[in-house]
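*Asks:* Take a look at the following structure, please.
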Amino acid sequence: MTIVLASTDAGAQTENYDDGEPIALDQLIPESLISSGQHRVTAVRRFSEHFMTFDIESEAAGDQSVVSIPLAAVRVQEALTLSQAINQFRQENQRFTKEERGQISVRGDSAADIVASPLSTGAEVVGQFGRNVGRTLEEFGEFPGRRDNQTRPYEVDAGDPILASYRRSVAGQLNLDVYSTNPSVQRFLSAMARAREGGNTRAGITTVSISRQPEVSVAGGQVQERIRSSVLNEELGALFERNRKLLDQAGVATELAERFVEQPLLSPTHKSAITEYVAFMEGVGNRGALVEAALDARNEVEALSKVQVARMYAYYHSEFTPLRELVAAGHLALAINRDDALLVALPFDVLAWTPQSDRVFSALAEFAEEKGATSRVVLLTGIVTERADAALEERGFRAFQRFLFRR
């Protein structure tokens, strides 16, 4: 089932909307992401109505600005990992080859330039959400920005299976995404792979100490482990075939699954993650709605948002009331649980109360009434403003903030 909700102007003349007031950093992300001995998030500012830009500073990794909570979490983890891994590699290997020095050139007394310029942060996307009066739910899930035409990261070393194998091995050792769009990660993995090829069999084999991950895991971490294992152990062809089979078993139409597997701007990791969450929700109807919603991802920020929505539904399905079916709704997917509650998972940093939010949730309330929903739930990766929370409550919605962060 697919729905497109018509917008409504009810209350548009009198609603008390948010005016973009500042939001404290500790409202958005946990302390472990804000600062450590190796990094600090120095500022947060609005990028658009529902998304924030985070400025991340690290003595080792340099400064970077990223859009969205999920990408900030990824970049912090990458910076912490690379800082420790590079320092240990330097200490254990006092003599580098000329090529390695070009890849890992020491900056000052500590870290390396390899993590100083993570270029693909998502901050380069431009534009704002449109404000057409006739906006519907389909437009509500749309991100500001443009299509990212950069070279796909997994094409690096694609012609050399031995180097590719070394890269996956190092990534697995350090719990890095071998298909990350962060150039710093890609340079490090390539440098370690070449070092191994040159005879340094222990390159990249090191101990990295990072505090417990701030996000919850699905099914006790079993789903994340399946994602990690398949991405690291399978070559691309085999990985994509695995995804096709899992989607077929989940009842996803062959044509839709093929479009998803071939989508050029979802990385293999993003595709595998969404596939595994879809497969995990066994017995839920219309799981293809999550696959369909992921097709329009244009860059890493959007790709991560699709993964987060799938994770939220999988986590809710596992830890709360099991889902009965998913509903395609443009850029998003809705869900209905076995108690007939309507769920809306939003990958927003901030759910602010705007004319757009007013129209969409008024229409969703009407939809819930028509379907006889017993209750209405909003799941958020980020937070809801006080105005939005009050307005949602008036329309019968209960919001769960920072749903994927540990309590």
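Bear in mind these aren't lab numbers, they're just calculated from the coordinates by the rules spelled out. Bear in mind that the values here come from a model prediction, so they are computed numbers and not experimental data. Ideal geometry is used to build each Cβ from the backbone, glycine not excepted, and the neighbour counts take in all protein chains shown.
*Asks:* Among 346, 25, 82, which comes first, second and so on when ranked by fewest other beta-carbon atoms within 10 Å?
*Replies:* 25, 346, 82
*Asks:* Continuing with the same structure: Can you list the residues, at least 5 places off or on another chain, whose amide H is less than 5 Å from the amide H of residue 343, using H built in the peptide plane?
*Replies:* Here the answer is 335, 336, 337, 377, since their amide H atoms fall under 5 Å of that of residue 343.
*Asks:* While we're looking at this one, here's another question. Could you check the spin-label model distance between residue 219 and residue 233? Points 7 Å from the Cα along Cα→Cβ, value in nm.
*Replies:* Simple spin-label model gives 1.5 nm for this pair.
*Asks:* Provide the net charge surrounding residue 275, with neighbours chosen by a C-beta distance below 11 Å and charges set as Lys +1, Arg +1, Asp -1, Glu -1.
*Replies:* Residues near residue 275 contribute +4 overall.
*Asks:* Moving on to the next point. What list of ³J(HN,Hα) couplings, whole Hz, do you get for the range 16-21 from phi and the Karplus terms 6.51, -1.76, 1.60, once you set θ to phi - 60° and write x for glycine and proline?
*Replies:* Here the 3J(HN,Hα) series is 8, 8, 5, 10, x, 5 Hz.
*Asks:* Just report the Cα centroid separation between the range 355-407 and the range 287-314, whole Å.
*Replies:* Cα centres, the range 355-407 to the range 287-314: 19 Å.
*Asks:* Using 7 Å Cα-to-Cβ label points, what is the residue 366/residue 339 separation (nm, one decimal)?
*Replies:* Label-label distance for residue 366 and residue 339, simple model: 2.8 nm.
*Asks:* For 55, 177, 19, which order do you get if you count the other beta carbons within 10 Å of each Cβ and list the fewest first?
*Replies:* 19, 55, 177
*Asks:* Here's a follow-up. List every residue whose amide H lies under 5 Å from the amide H of residue 285, counting only residues 5 or more places away in sequence or on a different chain, with H placed 1.01 Å from N in the peptide plane.
*Replies:* 325, 326
*Asks:* Pick out, in residue order, every one of the GluC sites (Glu not before Pro) in the range 240-284 that is DSSP loop and has at most 12 other C-beta atoms within 10 Å; say none if there are none.
*Replies:* 262, 282
*Asks:* Next up: Multiply the residue separation of residue 259 and residue 282 by 0.36 nm, subtract the distance between their alpha-carbon atoms, and state the gained length in nm to one decimal.
*Replies:* 6.1 nm
*Asks:* In whole Hz, what ³J(HN,Hα) sequence does the range 68-83 give by Karplus (6.51, -1.76, 1.60; θ = phi - 60°), x for Gly and Pro?
*Replies:* Karplus values, whole Hz, x for Gly and Pro: 5, 4, x, 6, 4, 4, 5, 5, 5, 4, 5, 5, 5, 5, 5, 4.
*Asks:* Which whole-Hz couplings ³J(HN,Hα) result when phi for each residue of the range 336-349 is put into the Karplus expression 6.51 cos²θ - 1.76 cosθ + 1.60, θ = phi - 60°, listed in order with x for Gly and Pro?
*Replies:* Rounded to whole hertz, the list is 10, 8, 6, 9, 6, 8, 8, 10, 10, 8, 10, x, 9, 5.
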